[in-house]
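The values are calculated or read from the model by the stated rules, or taken from the named source; none is laboratory data. None of these values were measured; they are calculated from a predicted model. We place every Cβ from the backbone using ideal geometry, glycine too, and count neighbours over all the protein chains shown. Quick note on the areas: whole protein, heavy atoms, side chains included, nothing else; ligands and nucleic acids left out. Shrake-Rupley method; radii C 1.70, N 1.55, O 1.52, S 1.80 Å.
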Amino acid sequence: MTERKMISLALLVDQATGNHPAAWLDPRTNPAGSVDIRHFGAIAKLAERGKFDLFFVADTPAARTENLHAWSRFPFYTNTLEPVTLLAALAGATDRIGLGGTVSTSFSEPYNVARQFASLDHLSGGRAAWNVVTSANDYAARNFGHTTLPPHALRYERAGEFVDVVRKLWDTWEDDAFPYDRESGRYYDPARMHVVHHEGQFFKVHGALNIARTPQGHPVIIQAGASDTGRELAARTAEVVFASDASPEAAKKGYDDLKGRMAKYGRDPDTLRILAGMPAIVGRSEAEAEEKHQRLQEMVHPDVGRFRLGTDLETDLSDLPLDEPIPPERLPKSANFHKAFFDGIMKIIREENPTLRQLYLRYERGRKTIKGTPAQIADVMEHWLAMGACDGFMMQFHTLPGGLEDFVAEVVPELQRRKL
C-alpha cells in the first residue's frame, strides 16, 4: 500500500493578536504582545508542540500614513518587530520548528539578506527560511526615497537577480572550509573559498560572505507571488510557496501549473511544498465556531468596516450611512487592483442588496474561514490534500494564541488519528 502523504503545517503570524481586524479588541488577546518576545516565544513553542513545520512572520517595511481614522483602529503591520531580529530571538526559545520571515528584495541589498539569513541559520541549527517578496504598497516605497513602487515586471526582474546573488553568496564557502587547524595555524582553507563576481542589470557584487556555510547550505526560499511572473520565479527558486485559492478546484489548477513549470529548470516537483492558506476557527460544534467568528465581526469598528470595503471596491464609503445599501451610482463598474475581491463584494450586493453594515460584517477578504468541529476542519484539510490541491497549509487564526491553542489541542490529534 502506498504510504499516505503527510500534511505540512505552517503558522502565519502577521499580527501578534491574530489575523482578524478586531483581534486586538478581544479581551483574551494581548495587544501589547506585538513587541513582547515572551508572547511570541509562547506562540512559537505552542506551534512546535503542535507539530507545525514552520513559524512564519509576515512583514512590510512601512507604517500606514494615510486614512489614520481607520488604520488607528486596525493596527495592521503597525508596532511590529523586524522579522529577522524576532526570529533570531525565537531560535533560542525553540528546538525544531522552521523560522521564516519576509524581507523585501525591493528595499534591501543581497549581501545584507544573505548575511542575515546565514546568521539565522547558524543560530537556529539549520531552521531559517526567507520569504522573497517585491513589496506591494507605496508606503514602503516612500520610506526608501521613491514616490511609488517600480512596475510589477521590473520588481520581479530585480527579485530574480537578487535571489541569484544571495545564493552565490551562500556558496562562498564549502562545507569543510573552516578546519580551525591549530597545528598548521590555518583557520580556513583558501581553496575552499569562492569569491563572488557578479555584474548584472541591478547588482554589482565582487566579494565574499564573511560567515561559514550554514547548516542547510542554503536557507529555505519561500514565495507567494500569484502572477505569471511570480510563479515563474517560484518554479525556478522556491522550496515553499503560499497559495490563496478559494476552492480546492482552483488550487489544484494552480498546483499543477506551478509544479509543471519546474522541469525546465531541472527541478523535481517534490522539492517544492505548496501550502494553501487556511483560516480556521475550531468549536465544539459548527454553531459555536460560527458564534466565535460573529463575535469578532461585531467588534469591527464602522470606520474599519467602511475602509476595508472601500479599499477593495476602490471607492470612498466614509460618508455613507451604515444601515442603508450602498447607492448604485457610488459603485465602480470594474476593478483596477484586486479583481477577485471586487467581484466577490459585487456578487453579494447583486444577490442580497445588504446594508453597508451588513456587508462589512459579512465580508471576508480572500480565503473564506473554515468554521467547525475538529473533525469537520480535518475533513476539509484531508479533502484538499487528497485532491492534490496542496502539500499542506498555511494556518491563519483569528486570535492568538487562542485559535492556535484550540487547533493544537483538538485538530492536530484528529489529523494524527488519520495518519496525516
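Among residues of the stretch 34-55 being of a type outside the set (A, V, I, L, M, F, W, C) and more than 24 Å from residue 367 (Cβ to Cβ), the one that is surrounded by the fewest Cβ atoms within 10 Å (Cβ to Cβ) is 38.
Could you please give the count of residues in the stretch 216-242 that are among the small types (Gly, Ala, Ser) and closer than 16 Å to residue 57 by Cα?
Start the filter on the stretch 216-242 by keeping residues that are among the small types (Gly, Ala, Ser), which leaves 217, 224-227, 230, 234-235, 238.
Retained after the next criterion (residues that are closer than 16 Å to residue 57 by Cα): 224.
Summing the residues that are among the small types (Gly, Ala, Ser) and closer than 16 Å to residue 57 by Cα in the stretch 216-242 gives 1.
Of the residues screened, residue 230 is not one that is open to solvent by less than 30 Å² (accessible area, probe 1.4 Å), part of a loop (DSSP other than H, G, I, E, B) and not hydroxyl-bearing (Ser, Thr, Tyr). In this structure, is residue 121 closer than 30 Å to residue 67 by Cα and among the charged types (D, E, K, R)? Judged against the criteria, residue 121 is not a match.
Where helices (runs of 4 or more DSSP H) sit wholly within the stretch 62-168, those with at least 2 residues that are more than 26 Å from residue 210 (Cα to Cα) occupy 68-71, 138-143.
Can you tell me which of 202, 162 is closer than 28 Å to residue 56 by Cβ, open to solvent by 10 Å² or more (accessible area, probe 1.4 Å) and modelled with pLDDT of 95 or more?
Details: 162 fails: open to solvent by 10 Å² or more (accessible area, probe 1.4 Å).
The conditions single out 202.
Please work out which residue is least open to solvent (accessible area, probe 1.4 Å), limiting yourself to the stretch 384-420 and to residues that are touching a residue at least 24 places away in the same chain (Cβ under 8 Å), part of a helix (DSSP H, G or I) and of a type in the set (D, E, K, R). Within the stretch 384-420, the match that is least open to solvent (accessible area, probe 1.4 Å) is 414. The residue list 171, 181 contains one member that is under 31 Å from the mean Cα position of the chain (by Cα), modelled with pLDDT of 95 or more and open to solvent by 40 Å² or more (accessible area, probe 1.4 Å), which is 171. Taking each residue of the stretch 20-36 that is assigned to a helix (DSSP H, G or I) and looking for partners that are aromatic (Phe, Trp, Tyr) and at pLDDT 95 or above with beta-carbon atoms closer than 9 Å, six or more apart or interchain, yields 23/397; 31/24; 33/40; 34/24; 34/40.
Based on what the data block shows, is residue 48 touching a residue at least 12 places away in the same chain (Cβ under 8 Å) and farther than 30 Å from residue 153 by Cβ? Talk me through it step by step, then tell me what you get.
Values: touching a residue at least 12 places away in the same chain (Cβ under 8 Å): yes; farther than 30 Å from residue 153 by Cβ: yes.
Here the answer is yes, as residue 48 does meet what is asked.
Looking across the stretch 341-361, the residues that are surrounded by fewer than 16 Cβ atoms within 10 Å (Cβ to Cβ) and under 27 Å from the mean Cα position of the chain (by Cα) come down to 343, 361. Here is the figure for the stretch 102-159: residues that are open to solvent by 30 Å² or more (accessible area, probe 1.4 Å) and on the phi > 0 side of the Ramachandran plot total 2.
Do we have any residue at all in the stretch 376-383 that's surrounded by 12 or more Cβ atoms within 10 Å (Cβ to Cβ) and under 18 Å from residue 292 (Cα atoms)? Among the residues of the stretch 376-383, at least one is surrounded by 12 or more Cβ atoms within 10 Å (Cβ to Cβ) and under 18 Å from residue 292 (Cα atoms), which makes the answer yes.
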